[in-house]
Every structure is written in C-alpha cells, then in structure tokens.
Amino acid sequence: MFGFANALLLLLLAAACLDFVPVLRRRLSPAAWWAEERPLFSARGAAVRQRYGTAAFLLGVMVYEFIVVFNNSMARENWPWLQTRVSPVLDWVMYLCFGCKILLGTRYSGRSLLCAGALYFVARWVYFNGQNIWWLGLCVALLAAKDVPLRRCMKALLACGLPTLALVELLHFAGVIAPDAASERDGSFRLMFGYGHPNTFGGVVFGLVLAWVLLRRARLTWAELAGVAAVGAFLMIGPKSRSAALCSFLLVALLAAAKLRTRRGPRPGSRALAAGCAALVPLLAAVSYSLPLFVVKIGPWANDIGPAWLKKLDDLLTCRISLAWAAYRVFPIKIAGQMLPDWPALDNIFVYLLYLTGPVMVVLVCALMMAALYGYARRGQWQAVACLITMLAYGYMESQVTHLTSDPAVLLLCGAVYALPAARWMFEQD
C-alpha cells in the first residue's frame with residue numbers, strides 16, 4: 001500500500017496547487033478561497049460526484065467491515081486463501097473507494113484542504129515507518145468520511161457487520177471454521193466464538209453496539225440501554241472479554257446520564273464542563289505514561305511486579321501496566337514511529353501509538369480528541385461525548401481502537417480533522 005499512500009498524497013498536493021490557481025489569477029479572492037467549499041480539480045458535475053462519492057465511501061466501509069469480521073476470523077486458519085488472495089483484492093477495493101471519495105467526491109475549502117492534507121502527510125509519514133496497514137486504513141477512512149451523514153455510515157457498518165458476524169458464528173458452531181468450540185486459556189475453557197481470542201470477538205461485538213448507539217443517539221430508549229448492558233454481561237460471562245464488557249457497562253452509565261440530562265430537551269454544556277470532558281484526554285495519557293514508571297521488578301515473569309497496589313491494578317487491567325513497563329526498556333522512542341514485534345503486546349493505545357507512530361502523531365491525535373470532546377459537549381451532543389469517553393477507556397485496554405470495526409466512533413473526529421464548524425461535524429441535521 002506504499003504506492004497508494006504516495007499517490008494519494010501527490011494527487012492531494014496537485015489538487016491543492018490547481019485549487020489555488022484562480023487566486024493567483026485574481027479570479028477568486030483569498031478570503032473566498034479560504035472559506036468557500038468546492039470540489040477538487042473541477043467544479044463540473046459537483047452534485048453527481050458528491051452523490052457517487054458518498055456511495056463509494058459506504059461501499060468502502062462495508063468492505064472494510066467484511067475484511068475484519070470474516071477474513072480475520074478463524075476462517076483464515078482453515079482457508080488460507082482468504083488472507084493470501086481475497087484480502088489483498090478487497091484491500092485495494094476499499095482503498096480505491098476511499099481514494100475516489102477523497103479526490104473526486106468531496107468539497108473542500110482552502111482551510112479544510114490544508115488542515116486535512118497536513119494531517120494526512122504526517123499519517124503517511126509515520127505509516128512508512130510503522131507499516132501498520134490498519135493505521136493507514138483508519139486515517140484514509142477518516143479523511144473520506146467528510147460530507148457523509150453519520151447515520152448512513154453506521155447503517156453501512158451494521159448492514160455488513162451483523163450478517164457477517166452471524167455467518168461466522170454459524171460456521172463456528174457448525175464446526176466448519178473452528179472445530180473446537182472452546183480454547184484453553186489460563187486453565188479455564190473460554191468460548192472463542194470463531195475468532196481465536198476473546199478480545200477479538202469482544203471488539204467486533206462492541207463495535208457493532210457502538211454503531212447502533214451512534215445510529216440512534218438521542219432516540220435511544222431505556223430498553224435499548226438495557227440491551228447494551230445485557231451485551232456487556234454476555235461478553236463478561238461468555239467469551240470473558242473483560243475490556244469490551246467493562247466498556248459496555250461504562251457506555252450504558254454515560255448514556256443514562258446523557259438521557260437524564262436531556263430529558264427536558266437539548267442542554268449544551270458550559271465552557272467549564274466541556275473543558276473538563278476535553279481534559280480527560282491528557283489526564284488519561286498522563287496516567288498511561290506515568291504508571292509504568294512506578295513499577296518495581298520482583299520476579300521473572302512480566303507481571304511479577306510491585307508495589308502491591310500497582311500489582312493489583314495491573315492484574316485488573318490484565319498486565320497493561322507491566323507490558324508498558326517492558327516496552328520502556330525494549331523500544332526506543334522514534335519521532336516518526338517504528339515497526340513493533342509481537343512482544344510486548346502494547347494494548348494501551350497511548351503507549352502503542354507512542355511507539356508505532358511517534359510523539360508527533362500522538363500529540364495530533366490527542367488534540368483532535370480534545371477538540372471533538374469540547375465541541376460535542378458545547379453543542380449538547382452528549383451521546384457523542386459518551387461514545388468518545390468510552391473509547392478512551394477502551395483504548396486504555398485495547399489497541400483495537402485503531403480498527404474502524406471496533407471503533408466506529410472515530411468518525412466523530414472527521415469534522416475536527418477538516419477544521420469545520422462544530423455544527424457540521426455530523427454532516428446531518430439532528
């Protein structure tokens with residue numbers, strides 16, 4: 001995908017140069033170029049291009065969902081051709097859909113083009129060092145999501161994800177893709193549900209739950225919140241996916257608070273409250289980076305650590321702290337990231353991105369999250385705030401938040417990426 005990443009960057013650069021030509025020829029004022037939106041390369045057929053661009057993006061989202069939910073299930077163990085033949089083709093279909101939407105089906109102002117282009121330049125730069133295809137896919141999908149109504153994105157995810165997950169479960173319990181219905185993990189049998197690891201299955205299910213919440217948002221009923229809690233209980237008892245289960249419970253609590261706050265109508269947040277929501281990002285980042293510094297090694301295993309309070313917290317978080325401590329001693333921090341081996345498994349997203357993409361990208365990601373939390377809180381979009389806070393908590397325990405399948409809430413950042421007014425961040429009338 002290096003060729004695609006380079007081609008998209010060069011085409012965006014060429015489009016930006018062509019877009020600025022009318023200003024140089026004094027046919028367009030700099031203020032109008034900065035503020036007014038128009039398609040790239042040519043204004044001809046703008047409405048048709050935007051309509052087909054939206055369709056291309058939704059197709060790309062559905063292909064993305066199928067790749068993760070089916071091709072990355074245990075089916076790949078029994079049918080290796082899914083990874084060697086099918087997935088590469090589907091990857092290209094997905095990236096071409098997103099690329100066509102970015103270049104031909106999106107309207108830009110000078111400000112949004114420069115902001116999004118600069119962010120993509122950094123994302124591509126760190127991708128060349130980390131070579132994580134999911135990171136590039138997430139960044140390109142975020143760029144392509146502009147002007148696509150959020151509800152249509154969630155409908156596409158659910159329309160592909162639910163039947164594909166049902167197909168995986170049918171093949172799993174029929175003994176086709178995973179002959180053994182249980183796997184041995186730490187002396188106890190845990191159902192794999194066709195994915196080989198409880199947290200992989202938990203991430204797929206939690207992503208679908210989050211997509212449903214984002215689809216419904218302010219229309220969520222108490223019965224639906226009870227259903228989300230029931231899914232969390234199932235994830236805790238069945239596959240024992242603790243991270244997805246705990247975040248399901250957190251999501252229910254935050255959505256219940258949002259529902260109570262808005263029971264008499266929309267209630268925008270004050271500046272202080274919005275700033276408090278945004279401050280959760282640097283606070284959690286500080287906790288993520290500082291806790292491993294207090295680790296004292298007292299045994300041969302990675303989680304044989306002290307002091308006692310930190311050991312208990314590390315066990316609760318399934319070794320997230322001790323693994324970060326190990327990473328501090330194994331990896332150097334590189335400005336533009338690096339390729340990461342399988343161990344230590346950096347499931348904390350702050351530590352993971354620090355090593356995979358480098359500190360520059362971490363600062364940009366945190367700034368986008370803070371801007372999004374502040375903007376949605378100021379507008380009273382408390383369901384969006386609940387989803388973003390939940391994903392922060394999920395990111396503390398799982399690096400799967402770099403997958404659109406497990407983290408559809410990342411599309412809430414699209415408006416901030418393009419430096420748009422907060423009223424346009426969801427690209428739809430609420």
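The values are calculated or read from the model by the stated rules, or taken from the named source; none is laboratory data. Quick caveat: nothing in here was measured; it's all calculated off a predicted structure. Neighbour counts run over all protein chains shown; Cβ positions are idealised from the backbone, glycine included. Quick note on the areas: whole protein, heavy atoms, side chains included, nothing else; ligands and nucleic acids left out. Shrake-Rupley method; radii C 1.70, N 1.55, O 1.52, S 1.80 Å.
Assorted remarks:
- Summed over segment 345-360, the residues that are part of a loop (DSSP other than H, G, I, E, B) and either free of Cβ contacts under 8 Å to residues at least 12 places away in the same chain or in contact with a Cys (Cβ under 9 Å, 6 or more places away or on another chain) (or both) give a count of 2.
- Cβ-Cβ contacts under 6 Å between residues 6 or more apart (or on different chains), taken from a first residue in segment 96-122 that is basic (Lys, Arg) to a second residue that is part of a helix (DSSP H, G or I), are listed as Lys101/Gly53; Lys101/Ala56; Lys101/Phe57; Lys101/Ala144; Arg111/Trp34.
- Residues located in segment 136-159, provided they are surrounded by 22 or more Cβ atoms within 10 Å (Cβ to Cβ), assigned to a helix (DSSP H, G or I) and of a type outside the set (Gly, Ala, Ser): Leu136, Cys139, Val140, Leu142, Leu143, Leu150, Cys153, Met154, Leu157
- Within the set Ala326, Ala272, Ala278, the sole residue that is open to solvent by 60 Å² or more (accessible area, probe 1.4 Å), of a type in the set (Gly, Ala, Ser) and part of a helix (DSSP H, G or I) turns out to be Ala272.
- The residue that is nearest to Trp343 (Cα to Cα), counting only those in segment 290-302 that are open to solvent by 50 Å² or more (accessible area, probe 1.4 Å) and at pLDDT below 90, is Trp301.
- Looking across Ala409, Ala336, one residue alone is in contact (Cβ under 8 Å) with a residue 60 or more places away in the chain, in a helix (DSSP H, G or I) and of a type in the set (Gly, Ala, Ser). It is Ala409.
- Out of Thr402, Thr390, sole residue that is in contact with a helix residue (DSSP H, G or I) (Cβ under 6 Å, 6 or more places away or on another chain), among the hydroxyl-bearing types (Ser, Thr, Tyr), modelled with pLDDT of 95 or more and closer than 25 Å to Asn199 by Cα: Thr390
- In segment 279-332, the residues that are among the hydroxyl-bearing types (Ser, Thr, Tyr) and without any contact (Cβ under 8 Å) to a residue 24 or more places away in the chain: Ser290
- Take the conditions (1) open to solvent by less than 40 Å² (accessible area, probe 1.4 Å); (2) within 29 Å of Val204 (Cα to Cα); (3) out of contact with any helix residue (DSSP H, G or I) (no Cβ under 6 Å at 6 or more places or on another chain); Gln383 misses just one of them, which is (3).
- In segment 24-37, residue farthest from Asp147 (Cα to Cα) [restricted to those that are at pLDDT 90 or above and either open to solvent by less than 40 Å² (accessible area, probe 1.4 Å) or touching a helix residue (DSSP H, G or I) at 6+ places or on another chain (Cβ under 6 Å) (or both)]: Pro30
- Residues in segment 1-50 that are in a loop (DSSP other than H, G, I, E, B), in contact with a strand residue (DSSP E or B) (Cβ under 8 Å, 6 or more places away or on another chain) and more than 22 Å from Val122 (Cα to Cα): Glu37 alone.
- When we screen Val61, Val21, Val86, Val48 for residues that are of a type in the set (Val, Ile, Thr), buried (at least 20 other Cβ atoms within 10 Å of the Cβ) and at negative phi, the only hit is Val61.
- Scanning segment 337-387 for residues that are closer than 26 Å to Ala257 by Cβ and of a type in the set (S, T, N, Q) yields Asn348, Gln381, Gln383.
- Lone qualifier among Ala257, Ala245 - being loosely packed, with under 15 Cβ neighbours inside 10 Å, in a helix (DSSP H, G or I) and small (Gly, Ala, Ser): Ala257
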